[in-house]
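A short worksheet on the structure shown next.
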Amino acid sequence: MNRVRYRLAALAVLPFLLALAVDLTLYALLRDRLPDPLASHFTANGSSDGTQSRGSTVLFACVLHLGLGALWAVLMAAGQHGVRRLRWLNAAGFATAGFVGHLLAATLLANADATDPARVRLPLWQLAAGVGVAALAAALGRLLPVPSPVPAAMSPAGPPSGGAPHLDLAEGELAGWMRRAPSRVLLGCGAVLLVAGSVLLYVGGWSSAVGALFGAVVCLAFSCPYVTVDRRGLTARPTVLPWPRIRIPLSDVTRAVSRDIKVAAEYGGWGYRMRPGRSGLMLRSGEAIVIRRTDGREFAVTVDDAGTAAALLNALVLRERASG
Amino acid sequence: MLFRVDPASPQPLGDQIAASVRGAIAEGTVTPGERLPSARSLADSLGVNLHTVLRGYQRLREEGLIELRRGRGAVVVDDAGARRRAALMQQVRELVRQARELGLTEEEVVGLVRRGLA
């Protein structure tokens, strides 16, 4: 099982390493012909409006390719994907590597023999060429065999085994259940983005780092939601912030069960996910509270001790119904 | 973790909250070093007074099961013995309950325990 994961991760990183190798080789070949700083950012009409030193260009290329490679490795190796899905993911990885690799290479080539970086031009059709390279790379990636994962016997949204759990509450008894639901995947993504953002901030200033830093804040804020089941229903919010909050009131709940969820296979990723007929807060694979709502849709949160939470929710719902 | 309090019970609500936490520590649902819900959010969830929750937490602190720190809230003591200690405290509570049922005075209970130790 783990060997398959390692091979998947290696396959995921491969296109980015290849693209990085191409970019670095090109850099080494052109090194003496490149200005310092060189033009690194271009406007829509192709003229350059930003520069970068030669050293930071190399660093930028490394961080970008390795970061994307790591992201794809996590995407492909951490989830429970079918072979078809893995092929497409792999093709998408190749396409991304091809596109990014091409743009960096085109930038280097445009800078060759330039004396004034302000006059370097990178016409917009290079983007189209990048898409072309991406398509070729995707086709190549699609042809590569993917290591076949262990067939996962799972039934997405299948019926839960047994009846809904129930907790006996005395009349007038007050009860509440609460628990943190930490997500290593989101924490990891946040950390990687934070490092990438810091490097970009150092190298390229605010404008280039703001995207990565924003992503880092979002990932970290959502990496540890706090799940509560009480007289108001089920509430999930970030542990450190009162907002944004998801709440399913008791009147909205038909019944709740605890079920094992394979995040990547059933919801296609981590975080707040929407699928036809169901939505969920996916923090990790495993135990989850799954709520059948009165409108027939499903809501799920992956959290430990979900059985207790589901039992309490059912008891509270029953009591509310009884009291009218 | 699950908190249950019954206003109809003769036991004070704060003690019932403490009993919920004690039970969770003894069962291992809450592990050493884990943070308990903030008193405010717990009071909000159960619909009880904030001071009721704080009284319960104070009691657990006196029993050496949790630490109350400014800014960090209530944390289960980070000590491998916390679980067994919580289980022991449950037994002490049970001992007291049964002794009261039998109509024993405080001195008589302490005397019994002292004789047990001898």
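Conditions tested, residue by residue: (1) within 12 Å of chain A (Cβ to nearest Cβ); (2) assigned to a helix (DSSP H, G or I).
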{"position": "B:Ala8", "(1), (2)": "yes, no"}
{"position": "B:Gln16", "(1), (2)": "yes, yes"}
{"position": "B:Gly33", "(1), (2)": "no, no"}
{"position": "B:Gly64", "(1), (2)": "no, no"}
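Between A:Arg319, A:Arg292, the distinction of being within 29 Å of the chain's Cα centre (by Cα) and either under 25 Å from B:Phe3 (Cα atoms) or assigned to a loop (DSSP other than H, G, I, E, B) (or both) belongs to A:Arg292 only.
Given the criteria part of a helix (DSSP H, G or I) and without any contact (Cβ under 8 Å) to a residue 60 or more places away in the chain, does A:Gly188 qualify? No, not satisfied.
The residue list B:Val113, B:Val75 contains one member that is surrounded by 11 or more Cβ atoms within 10 Å (Cβ to Cβ) and assigned to a helix (DSSP H, G or I), which is B:Val113.
Is it true that some residue in the range A:57-66 is in contact with a strand residue (DSSP E or B) (Cβ under 6 Å, 6 or more places away or on another chain), assigned by TED's automatic domain parsing to the domain that holds A:Ala97 and hydroxyl-bearing (Ser, Thr, Tyr)? No, that holds for no residue. Got at least one residue in the range B:37-48 being under 19 Å from B:Ala87 (Cβ atoms), surrounded by 19 or more Cβ atoms within 10 Å (Cβ to Cβ) and at the interface with chain A (Cβ under 9 Å from one of its Cβ atoms)? No, there is no match, as no residue in the range B:37-48 is under 19 Å from B:Ala87 (Cβ atoms), surrounded by 19 or more Cβ atoms within 10 Å (Cβ to Cβ) and at the interface with chain A (Cβ under 9 Å from one of its Cβ atoms). Of B:Arg4, B:Arg69, B:Arg83, B:Arg22, all but one fail to be at pLDDT 90 or above, out of contact with any His (no Cβ under 8 Å at 6 or more places or on another chain) and away from chain A (no Cβ under 12 Å); the exception is B:Arg22. In the range A:233-248 there is no residue that is part of a loop (DSSP other than H, G, I, E, B), assigned by TED's automatic domain parsing to the domain that holds A:Ala309 and within 30 Å of B:Ala8 (Cα to Cα).
Quick grid of which residues meet (1) farther than 30 Å from A:Gly188 by Cα; (2) touching a strand residue (DSSP E or B) at 6+ places or on another chain (Cβ under 8 Å); (3) surrounded by 15 or more Cβ atoms within 10 Å (Cβ to Cβ); (4) within 14 Å of chain B (Cβ to nearest Cβ):
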position	(1), (2), (3), (4)
A:Cys224	no, yes, yes, yes
A:Val229	no, yes, yes, yes
A:Thr235	no, yes, yes, yes
A:Asp252	yes, yes, yes, no
A:Asp260	no, yes, no, no
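The values are calculated or read from the model by the stated rules, or taken from the named source; none is laboratory data. None of these values were measured; they are calculated from a predicted model. Glycine also receives a Cβ, built like all others from the backbone with ideal geometry; neighbour counts cover every protein chain displayed.
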